[in-house]
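Scroll down for the structure; my scribbles are underneath it.
The values are calculated or read from the model by the stated rules, or taken from the named source; none is laboratory data. Bear in mind the structure is a predicted one, so any value in this text is a computation, not a measurement. Reconstructed Cβ throughout: ideal geometry from the backbone, glycine too, with neighbour counts over all protein chains shown. The protein model used for the area step is the full one, side chains on, heavy atoms only, and it has no ligands, DNA or RNA in it. Shrake-Rupley method; radii C 1.70, N 1.55, O 1.52, S 1.80 Å.
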Amino acid sequence: MARIVPFDRLPKALTAGRRTSAAPYMNISNLEEKEPDMRLWLDTEFNGFHGPLISMALVDEAGREWYEVLGCEDPEPWVAANVIPVLKKRQTTKERMQKSLVRWLGKHDQVHIIADWPADFVHFCGFLLTRPGYRLVAPPLSMELVEFLKPESAIPHNALEDAKALREAHLAAKVGMPASARKRSGLQ
C-alpha cells in the first residue's frame, strides 16, 4: 500500500502554517520562492469526458519516464478503438500505481508539472487522494498548463508517448522563441 497519512499527522515541517483548526489552507507567506528541482511533463488517458483514469505518464527533463496503466473494464467505443490498443503495458492496481508514483516523485525535493490539457491535472491530483482525509505524500509541486504546442506523438493516445512528445514540443518551443515571446506565451 502507498504511504498515506492524514494531513494532521504530517510532520510539522511540512504542515507549519498550512492548517487551522477550522479548515485546511496554505499560507503563501510561509512558502519559499525557489525554482523547482525538476520539471515533469504529464499526460493521462481516461475513459471519455470526465471518465475514470486509464493510464498516466510523467517524463522528466533528463528523459526519465514513469508510466502506469490501470486498465478499463467498460471502455467507450472511441477509447476501445484508440486508447486500449496502444497502452503497451500490463495493467496494475491503483494501490501499486500509487506506490510507484510516490517512489518516483519522492526522488525530488520539488517538482513543476507541465501538461497541455486541464483534465490531466484533474486526474493527477485526484490520484493523490486515497480516501477521505488521506493523500499520498508528495514533494511540493506546482503546475503549468501550456497551449498551442501541437506535440506529435510517436503513438497517439499512449500517455507515455504523448508525455514524451509534449516534453519535446515544450523544450523546442522554448529554444526557438525570443525571451519576450516565451514570457507572453507562458513558456518562460
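Those residues that are more than 21 Å from residue 167 (Cα to Cα) and crowded, with 22+ Cβ neighbours inside 10 Å, I need them from the stretch 55-81; list them, please. Steps first, answer last, please.
Narrowing the stretch 55-81 to residues more than 21 Å from residue 167 (Cα to Cα): 70-81.
The answer is 72, and nothing else.
I need every pair where a residue in the stretch 68-92 that is small (Gly, Ala, Ser) has its Cβ under 8 Å from the Cβ of a residue that is open to solvent by 30 Å² or more (accessible area, probe 1.4 Å), sequence separation at least 6 or different chains.
Pairs that qualify, where the first residue is small (Gly, Ala, Ser) and the partner is open to solvent by 30 Å² or more (accessible area, probe 1.4 Å), are 71/91.
For the stretch 141-166, what are the residues that are of a type in the set (A, V, I, L, M, F, W, C) and touching a residue at least 12 places away in the same chain (Cβ under 8 Å)? Steps first, please.
From the stretch 141-166, those of a type in the set (A, V, I, L, M, F, W, C) are 141, 143, 145-146, 148-149, 154-155, 159-160, 163, 165-166; that's our starting set.
Once the filter is applied, which keeps residues that are of a type in the set (A, V, I, L, M, F, W, C) and touching a residue at least 12 places away in the same chain (Cβ under 8 Å), the stretch 141-166 yields 141, 143, 145, 146, 148, 149, 155, 159, 160, 163, 165, 166.
Of the residues that make up the stretch 126-139, is at least one assigned to a helix (DSSP H, G or I) and out of contact with any strand residue (DSSP E or B) (no Cβ under 8 Å at 6 or more places or on another chain)?
No, the stretch 126-139 contains no residue that is assigned to a helix (DSSP H, G or I) and out of contact with any strand residue (DSSP E or B) (no Cβ under 8 Å at 6 or more places or on another chain).
Just give me the residues in the stretch 93-106 being open to solvent by 20 Å² or more (accessible area, probe 1.4 Å), touching a residue at least 40 places away in the same chain (Cβ under 8 Å) and either among the β-branched types (Val, Ile, Thr) or closer than 20 Å to residue 40 by Cβ (or both), in sequence order.
Residues of the stretch 93-106 open to solvent by 20 Å² or more (accessible area, probe 1.4 Å): 93-96, 99, 102-104, 106.
Narrowing the set further to residues that are touching a residue at least 40 places away in the same chain (Cβ under 8 Å) leaves 95, 99, 102, 104.
Across the stretch 93-106, the qualifying residues are 99, 102, 104.
Taking the stretch 108-132 as the search range and keeping residues that are of a type outside the set (Asp, Glu) and loosely packed, with under 13 Cβ neighbours inside 10 Å, which one is farthest from residue 67 (Cα to Cα)? Outline the logic, then answer.
First, pick out the residues of the stretch 108-132 that are of a type outside the set (Asp, Glu): 108, 110-115, 117-119, 121-132.
If we keep only those that are loosely packed, with under 13 Cβ neighbours inside 10 Å too, we end up with 118, 126, 131-132.
Numbers: 118: 19, 126: 17, 131: 23, 132: 26 Å.
Here the residue is 132.
The conditions are (1) under 24 Å from residue 49 (Cβ atoms); (2) open to solvent by 30 Å² or more (accessible area, probe 1.4 Å); (3) touching a strand residue (DSSP E or B) at 6+ places or on another chain (Cβ under 8 Å), and residue 151 fails exactly one of them. Which is it?
(3)
Does residue 38 count as surrounded by 18 or more Cβ atoms within 10 Å (Cβ to Cβ) and modelled with pLDDT under 95? Write out each step before concluding.
Numbers: surrounded by 18 or more Cβ atoms within 10 Å (Cβ to Cβ): yes; modelled with pLDDT under 95: yes.
Here the answer is yes, as residue 38 does meet what is asked.
Taking the criterion of being modelled with pLDDT of 95 or more and surrounded by fewer than 13 Cβ atoms within 10 Å (Cβ to Cβ), would at least one residue in the stretch 25-35 satisfy it? Don't jump to the end; show me each part of the working.
So in the stretch 25-35, the residues modelled with pLDDT of 95 or more come out as none.
Taking every residue of the stretch 25-35 in turn, none turns out to be modelled with pLDDT of 95 or more and surrounded by fewer than 13 Cβ atoms within 10 Å (Cβ to Cβ).
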